[in-house]
Amino acid sequence: MQEIPVTRYPEVLIDRPTHYCPGCQHGIAHRLVAEALTDLGVVERTIAVSSIGCSVFLYNYLNLDTVEAPHGRAPAVATGVKRARPEAIVFTYQGDGDLASIGMAEIIHCANRGERVTVIFVNNTVYGMTGGQMAPTTLLGQKTTTCPGGRCLEREGAPIRMAEIIASLGGTAYCARVAVNTVKNVMRAKKAIRNAFQYQLDGKGFSFVEVLATCPTNWRLSPTAANERVATEMIPYFPLGTFQDCAATEEV
Amino acid sequence: MPARVQFREDRCKGCLLCVQACPSGIILQSSRFNQLGYKIAEIPHERMQECKGCAFCALMCPDYAITVFKIEEDA
Ligand SMILES: Cc1ncc(C[n+]2csc(CCOP(=O)(O)OP(=O)(O)O)c2C)c(N)n1
Ligand code: SF4
Ligand code: SF4
Ligand code: SF4
Ligand SMILES: [Mg+2]
């Protein structure tokens, strides 16, 4: 009798407990990035650019050379890294507060210039790290510490759909929105993240994957209830799919 | 094919996303706490035989706390 492992964790994923809250899906997003880089055989030449938010310690969990960018500026830093080291695979890993609020200018111009970098954008509809303030992605009616009565269209505007905006820019080769709330969606997310890195590897242009994720702590929900909210509230407003694919290859 | 699931109890944060994902409904929250103070996930010994080895639990675990093994009988 012998036991064969079905689960295999890539080596680049450091074997260490994370600082994330119970049920926080940053952990799943980290693993999918690690799997994609491993599958494509590019771990040794990858440079990560981490951002400001709960995932600031990305370099503690992925055994990659990493540059820590100031809040929102990861796409600008990644631009410099990629231009200095064109043979490197360069990606940023950013939250919604980081990317869609303070870093809105950097992400738009990086995509528009068609920088050959990949952006992993984890949208959990709040500023997680600082205690759950409203983000540009906070859903209408969603209560946060800075909109305690719920986000209001007249006062704060509508939640921003980043994947659709990025897809509309000239330099974007690949753009998708995925979720990690179900087994099926995790498999699709894995494929999308792999596609995004493949497009960079092929020199096709800028690639972007928005990952819908939970922040159970700041949503004031149990991890399982938070996961259900992804299906009932997030996906209806932030539809999943591929919004730009310059080669129209693998569907996700 | 029989399978076995191993939980790294020191890594588990008791989020129960594995419970939500398991099609066999065999993962439960234990009454035991780990060193971090979380009530861990576990499969009662007598129910392990119902495991399909699908690894859905591991796929959904944000803390890489689950390893699934398939058990193959020697030929
Ligand atoms: C220039 C600057 N302004 C504000 C902050 C405070 N700050 C730290 S993290 C953060 C928001 C992070 O939210 P998000 O990007 O959504 O990441 P999450 O924690 O939700 O994953 C803010 C505003 C900062 N560190 N630097
Ligand atoms: S505050 Fe939210 S995003 Fe940050 S670790 Fe906790 S659950 Fe994750
Ligand atoms: S491998 Fe599948 S059947 Fe077995 S415990 Fe995990 S989810 Fe349940
Ligand atoms: S998903 Fe992982 S961390 Fe969460 S309860 Fe299950 S084993 Fe523990
Ligand atoms: Mg956030």
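The values are calculated or read from the model by the stated rules, or taken from the named source; none is laboratory data. The shown structure was predicted, so the numbers you read here are calculated from the model rather than taken from an experiment. Ideal geometry is used to build each Cβ from the backbone, glycine not excepted, and the neighbour counts take in all protein chains shown. Accessible surface is based on the protein model in full, side chains and every heavy atom, while ligands, DNA and RNA are left aside. Shrake-Rupley method; radii C 1.70, N 1.55, O 1.52, S 1.80 Å.
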Any hit, the range A:124-137, residues being β-branched (Val, Ile, Thr), within 15 Å of ligand 1 (Cβ to nearest atom), buried (at least 19 other Cβ atoms within 10 Å of the Cβ) and under 14 Å from residue A:211 (Cβ atoms): yes
Do you know which of the residues in the range B:1-47 that are among the polar types (S, T, N, Q) and open to solvent by 40 Å² or more (accessible area, probe 1.4 Å) is farthest from the other protein chains (Cβ to nearest Cβ)? B:31
Does the range B:48-58 hold any residues that are touching a residue at least 40 places away in the same chain (Cβ under 8 Å) and either open to solvent by 20 Å² or more (accessible area, probe 1.4 Å) or farther than 22 Å from residue A:15 by Cβ (or both), and which are they? B:48, B:49, B:51, B:52, B:53
Selection over the range A:6-19 where residues are of a type outside the set (A, V, I, L, M) and within 7 Å of chain B (Cβ to nearest Cβ) yields a count of 4
Condition first: outside any helix (DSSP H, G or I) and out of contact with any Leu (no Cβ under 6 Å at 6 or more places or on another chain). Now tell me which residues in the range A:71-93 satisfy that. A:71, A:72, A:73, A:85, A:86, A:87, A:88, A:89, A:90, A:91, A:92
Scope the range A:204-232; condition away from ligand 4 (no atom under 16 Å from the Cβ), of a type outside the set (Lys, Arg) and either touching a Lys or Arg at 6+ places or on another chain (Cβ under 6 Å) or open to solvent by 60 Å² or more (accessible area, probe 1.4 Å) (or both); matching residues: A:210, A:232
Of everything in the range A:154-166, what is crowded, with 20+ Cβ neighbours inside 10 Å and under 25 Å from residue A:199 (Cβ atoms)? Give them in sequence order. A:162, A:163, A:166
Output for the range A:27-44, where each listed residue is open to solvent by less than 10 Å² (accessible area, probe 1.4 Å) and within 18 Å of the chain's Cα centre (by Cα): A:27, A:28, A:29, A:30, A:31, A:32, A:33, A:34, A:36, A:37
Could you tell me which of the residues A:102, A:52, A:107 is within 16 Å of ligand 5 (Cβ to nearest atom), open to solvent by less than 10 Å² (accessible area, probe 1.4 Å) and of a type in the set (A, V, I, L, M, F, W, C)? A:107
Among the residues that make up the range B:59-75, is at least one of them touching a Ser or Thr at 6+ places or on another chain (Cβ under 6 Å), open to solvent by 20 Å² or more (accessible area, probe 1.4 Å), polar (S, T, N, Q) and within 11 Å of chain A (Cβ to nearest Cβ)? yes
For the range A:174-222, which residues satisfy the criterion of being in a strand (DSSP E or B) and within 16 Å of ligand 2 (Cβ to nearest atom)? A:179, A:210, A:211, A:212
